[in-house]
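Enquirer: Mind having a look at this structure? Questions to follow.
Every read-out reported here was derived from the displayed coordinates using simple, explicitly stated rules and does not represent laboratory data. What you are looking at is a predicted structure, and each value in this text was computed from that prediction instead of being measured. FYI the Cβ positions are ideal-geometry reconstructions off the backbone, even for glycines, and counts take in every protein chain you see.
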Amino acid sequence: MTIDYYQAKDHAPIPPKNADVLTTACDYCIVACGYKIYRWPVGAKDGGMKASENAFGVDFPSNMLQEWVAPTQHNICTHKGKKHNVVIIPDKDTNFVNTNGDSSIRGGLLAQKCYNKDTKTKDRLKTPLVRVNGVLTPMSWNDAIDIAAEVGSHVLKKHGEAAYGIKTYSYQYIENTYAITKYALRHVNTPNFTFHDTPADVTSTPGFRDAGFDNFGPSYDDWGSAETLMICGTDPYETKTVLFTQHIMPGIANGMKVIALNPRETAGIAYIKKMGGLHLDIYPGSDNLVLGAIARVVMQNGWEDSDWIKHWVNNKWESNSGFGQGTRNTPWQWRTTWGKFQTKGYEDYKKWNLKQAEYDPEAAAKKAGIDVKKIYQAAEWLAKPVNGKRPKTSIGIEKGFYWSNNTGNTNAISSLATICGAGGRPGQVVGRFGGHQRGGQKGGGYPRNKSAQKVPGRRRQALDTDRWMYSGHTRFAHVIGTTWIQSMTGSQGLAAKFEELVVKNPNQVKSNNKAEIIATLKKRADSGGMVVINQDIYLRDPIGAKFADVVFPAATWGEVDFMRANGERRLRLYQAFNDAPGEAKPDWEIISLLARKMGFDGFDWKSSNEVAEEASRFSRKGRKAFHMVKVAAHIEGKTLHQKMREFGTDGIQGPTMYNYKTGMLHGTKRLHDTTVGEKQFTAMGLENGPVKENRYGKKMTHFNSQTGKINLQKHPWSLFGDLWEWLSPKKDELWMSNGRVNEVWQSGFDDVERRDYISQRWPGNWVEIHPDDAKKRGIESGDMVMMYSERVPVFKDTILGVHGKDFQFSELMKNGHIKLDKASITAVAIVTPITKPGAMYGNFLDMKQPTNSLTIRVPDNISGNYNYKMGVGKVKKIGESEFKKDFRGMSFAPRNIT
Amino acid sequence: MSEITNTAQAVKKDESAEAHGKCMLNRRKFLMYSGGTAAAASTVSITLFAGTAQAETRKASVQGYPRKLVAKLSQLKDHQPVNFNYPDDGKNSQAMIVKMGNVQAGGGVGAKRDVVAFSYMCTHQGGPLQTTYKHVGDQRVMGQCPLHLSTYDLRRHGIIVSGQAYQSLPQVLLEVEGDNVYAVGIMGLLFGRQDNLSA
């Protein structure tokens, strides 16, 4: 590993009084703190230390919590062709989200994102590229689009829609995702379509969906105003920092009790424990057992919220209802057949839970590797009345939890939440904390009937695009803003397949002549190979660098006006303030060029505002519904984006309502709010029902089921237990789980490689090993280690399910659909007590050494999602890293020191 | 990157700097001089590529950090930070020097290279790090900051262990002469300042 050492500067310019000031929000985590961009030309005078001389109106040196510019928060960018200074710091005047102008380390360094050819962002893609003789060669937009369009059209005509695969991000701004999905689903109409974080376009939280919970119903205020907060599968401090520091921490200071269900303990959980909270430090994948046991304790003590249950839980007939929802393959079908999930109501659920041997608290604690006392403690905090009053309980989940046993865990938490009365009142909410921001807007419907995949008793299941590609059915892979390979499990196998179908196919482009290029690529597709086109801001390895035949340069945050919402549905305008590099274009524009060339209509947009305005009516049913902002804008003679700009960093929470009489727009604080009453309706002008284009949907005050009440579901361990037992570490294996780390945004998108400050802290792949496990293997902090496995299970075939058990793991093994792959990756060892003995924790997505190569490529048999957190492996020392004895980079200090 | 540092001043290397060898950051990046008194910071305008189409005016910093006696080696006790102010007595100059129990540290002075000095102001939002020094096994940290929980590794030049700081914790560079320990410079920008030498 070679890194450039971060040279700390000892000065930074402050913006002058007359600097341009634009508002935006962060491009990184779900919280989406509000930021201000200060921009002034290079050569113009910088701001001075007196309040009257700078744009902040603050005397320097400034005080704690006041404006300050760290050297990393300044950059030089190009605006209208001329060099400008930019300083980007959290908005100290914002009224929501990052109150007190707080920010994380990720957003705090946003200035480093800007394209500046004198810095590490210089390798931003600037022109379209086409691979000729193995080398990516610049080509004009016209020619590159022609090539992609002709070959794409040919594949559609000759091999059918399912041969044209589209793999795209789900979140990078409403304008882009609308254009991409309009193209992919409405026009190309392919079932070979999915998002960056899943092999098939299915919901990430099936249990929530089936219970009737929206993923992002809660308001950020709710996370701090519960009396008991249960956090499953994440340390919010690490990856949703300001949600923790500005909303949860104040709650804790006010006496909120916190229960953290997570194998590992980082700074936030350490703080929670220091303040008296409870850490359920379970083995990966054992959550369902612990939750079932907690539910049992609650019910046996009669602590369930019977009032809430009586009013809000569906009985059998109610959860059966849903004519008009469609037959077979809909969520209610899953619930109502097989007898696996549906209950007749609370008493039926209770009876079922008490019958399951695995939910006995002692048994559950033993399997999960925790002290059984914690189960009883958790049950008390969640549900035991104090002085006759029930505690206000809220529950939040994230990926550590639902990528471990996707269906089982999300079913179990939904039921536990409902029993404890959480889900539909202020301070008593249920939801995801979030990962990416919410920037998805669908421009078409997924053609499920075209999917080749079927499960027993169902019509069709959304196609697993990895398996489809792996079995050789994808002839044209259109990859947008994602690495695909490293983001999916069993990545080394996927990479090998790409190599075989793309690079090793005999039809390789050897000419610069457009017609010959097109002919060659067509031949490659026809011969059973695969053509790859890729849109991104940087060349990613290997999807762009090694495999793409055509690369389109994309414009990103800060270069185009875009809209997006955060985890409490707060919509903002993310303003453009600097020029995109070279000829880079926003993804919606790239799509429109391609679509028009392919003969599709409806892609004539001239600006991102036009795309947003077209998309608005499709947002009306969803949680980000922003149609009324457009209505208000047009009434006032403005565009949608202009109106959004007025909201600044405060933004407005979706779904939006408009009072035609007062001319006021109203946002929605929380979904499933059963306490909304007359007063709120009157304020919105809706006291007599819907008015004109306002749409006040069921989920505003009820739940997402036919009746509007909650479905209480069973969560049988047996659907997952066989896989868990098979996978559980044998002999000298350890659990190999993975996840994110605070200082790096997700997979190192565009930060870690390009910010010396961050790459110095995290210079390469790393893995946490408990001191007990490390000692046995002679491993010390700073050693280079190899994690390896000979038994990475890969579900290799696309099959039609006929019998009920066909997708059960043990059946798949028996019927020969699981192959066992070998995989190995290297990393620097961090020996630390923050991880559980018996469990390693690695970087979920190092580009070169992805932990996903060790995670199981066996999708959840009900939902179709990967359980990314599940993996096992052995570990051994292979040498020492340079960081063991060198003081310049990395740190091996434990992250839970308080 | 955007600043040109005037390297007119020769850099002196004393015994402790050479002894550190490669575990220290390149001190040539900082202008320091031995002896003498504090020099004010000044900025000079230079025109690059003058007379050409690419002409640009840049500011060049000519920095002079004061040399200040902050402690006597013999009086430092393990794990007991001693407070001082540097580079002046103005706002946000609170710093500490600490002997860290015989574990070597980047930038450390003294026989065991375990004496280091850092700013007390968290480089996130300026939270106070006083009383947060901790030693756990071989690890030496400051933190969690009471505001937003940032923690810094004092053996690795104040790099962030876990937290939100926009910069490593500014390390005060030290030089030893006999029993005297002098502060001679700072790596990184102190919270709240736009220039370390302007208060």
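Enquirer: Mind listing the long-range amide H neighbours of A:Thr137? Cut-off is under 5 Å, sequence gap 5 or more, other chains count too, H placed in the peptide plane at 1.01 Å from N.
Expert: A:Val130, A:Arg131, A:Val132
Enquirer: Once each part is reduced to its C-alpha centroid, what is the distance from the stretch A:778-820 to the stretch A:254-297 in angstrom?
Expert: 29
Enquirer: Where both residues lie in the protein assembly as shown, what percent of DSSP beta bridges are antiparallel, nearest 5? Working shown, then result.
Expert: Values: 102 of 153 bridges.
That works out to approximately 65 percent antiparallel.
Enquirer: Sequence-distant or interchain residues sharing an amide H contact under 5 Å with A:Tyr574, placed H: which?
Expert: The answer is A:Phe562, A:Met563, A:Arg564.
Enquirer: Running Debye on the stretch A:443-538 with equal point scatterers at the Cα sites and no solvent, what base-10 log of I(q)/I(0) appears at q = 0.16, 0.23 Å⁻¹?
Expert: Reported log10 I(q)/I(0), two decimals: -0.82, -1.25.
Enquirer: Would you compute, for the Cα atoms of the protein assembly as shown, the largest minus smallest coordinate along each principal axis and list the three values in descending order, in whole Å?
Expert: 88, 73, 67 Å, listed from the longest principal axis down.
Enquirer: Sorting check: for A:570-578, A:866-874, A:272-280, A:535-543, which peptide has the highest mean count of neighbouring beta carbons within 10 Å, and how do the rest follow? Walk me through the numbers before you get to the answer.
Expert: Details: A:570-578: 23.7, A:866-874: 25.6, A:272-280: 18.3, A:535-543: 22.0.
The peptides rank, most packed first, as A:866-874, A:570-578, A:535-543, A:272-280.
Enquirer: Here's a follow-up. State which entries of A:Lys182/A:Lys585; A:Lys126/A:Lys240; A:Lys83/A:Lys117; A:Lys9/B:Lys134; A:Lys775/A:Lys874 exceed 22 angstrom in Cα-Cα distance in the structure shown.
Expert: A:Lys126/A:Lys240; A:Lys9/B:Lys134
Enquirer: Determine the relative contact order of chain A: mean sequence separation of Cα pairs under 8 Å and six or more apart, normalised by residue count, in whole percent.
Expert: Working: 2060 pairs, mean separation 161.5, N = 898.
Taking the mean separation of contacting Cα pairs over the length of chain A, I get 18 percent.
Enquirer: Also, quick follow-up: Within the stretch A:1-98, what percent of beta bridges assigned by DSSP are antiparallel, to the nearest 5?
Expert: Numbers: 20 of 21 bridges.
Close to 95 percent.
Enquirer: Could you list A:Trp766, A:Trp317 so that the one with the fewest beta carbons within 10 Å of its beta carbon is first and the one with the most is last? Walk me through the numbers on the way to the answer.
Expert: On the way: A:Trp766 21, A:Trp317 10.
Ranked by crowding around the Cβ, least crowded first: A:Trp317, A:Trp766.
Enquirer: OK, next. Which of B:His135, A:His187 has the fewest other C-beta atoms within 10 Å, and how do the rest follow up to the most? Could you put the intermediate results ahead of the total?
Expert: Working: B:His135 16, A:His187 19.
Arranged by neighbour count, lowest to highest, B:His135, A:His187 become B:His135, A:His187.
Enquirer: Continuing with the same structure: Is there a simple number for the mean count of other chain Cβ atoms within 10 Å of the Cβ of residues in A:35-47, and what is it? Intermediate values should be presented prior to the final figure.
Expert: Details: counts 0, 0, 0, 0, 0, 0, 0, 4, 6, 1, 0, 3, 1.
Per residue, the average neighbour count from other chains is 1.
Enquirer: Same structure, new question: Using helices alone, I'd like the mean residue ellipticity at 222 nm for chain A: each DSSP H run of four-plus residues gives -39500 (n - 2.57), total over residue count, nearest 500. Display every interim value, and only then the final one.
Expert: Numbers: 28 runs with 231 residues, N = 898.
Mean residue ellipticity at 222 nm (helix-derived): -7000 deg cm²/dmol.
Enquirer: In peptide B:181-191, how many Cβ atoms from other protein chains are near each Cβ within 10 Å, on average? Working shown, then result.
Expert: Working: counts 0, 0, 0, 0, 1, 2, 5, 8, 10, 3, 7.
For peptide B:181-191, the averaged partner shielding equals 3.
Enquirer: A follow-up question, please. Provide A:Ser321, A:Ser718 in ascending order of the number of other Cβ atoms located within 10 Å of each residue's Cβ, fewest first. Before the final figure, lay out each step's value.
Expert: Details: A:Ser321 15, A:Ser718 11.
With the fewest neighbours first, A:Ser321, A:Ser718 line up as A:Ser718, A:Ser321.
Enquirer: Output ³J(HN,Hα) for the stretch A:707-717: one whole-Hz value per residue in order, computed from phi by the Karplus curve 6.51 cos²θ - 1.76 cosθ + 1.60 with θ = phi - 60°, and x for Gly and Pro.
Expert: Running phi through 6.51 cos²θ - 1.76 cosθ + 1.60 with θ = phi - 60° gives 7, x, 9, 8, 8, 8, 10, 7, 9, x, 5 Hz.
Enquirer: Please report, in Å, the Rg and the Dmax of the stretch A:497-637, where both are computed over Cα atoms only.
Expert: Spelled out, the Cα radius of gyration and Dmax of the stretch A:497-637 are 19.4, 60 Å.
Enquirer: Residue by residue through A:604-616, how many Cβ atoms from other chains fall within 10 Å of the Cβ on average?
Expert: For this peptide, the per-residue mean of nearby foreign Cβ atoms is 0.
Enquirer: When only alpha-carbon atoms count, how far does the stretch A:185-309 stretch along each of its three principal axes, as whole angstroms with the largest first?
Expert: 55, 36, 30
Enquirer: Using modelled backbone amide H atoms (1.01 Å from N, in-plane), which distant-in-sequence or interchain residues come within less than 5 Å of A:Asn765's amide H?
Expert: A:Val828
Enquirer: Just the number, please: Stokes-Einstein D of the stretch B:71-199 in µm²/s, Kirkwood Rh from C-alpha pairs, 10 °C, 1.306 mPa s. Write out the running numbers ahead of the final one.
Expert: Values: Rh = 14.3 Å.
Reported coefficient: 111 µm²/s.
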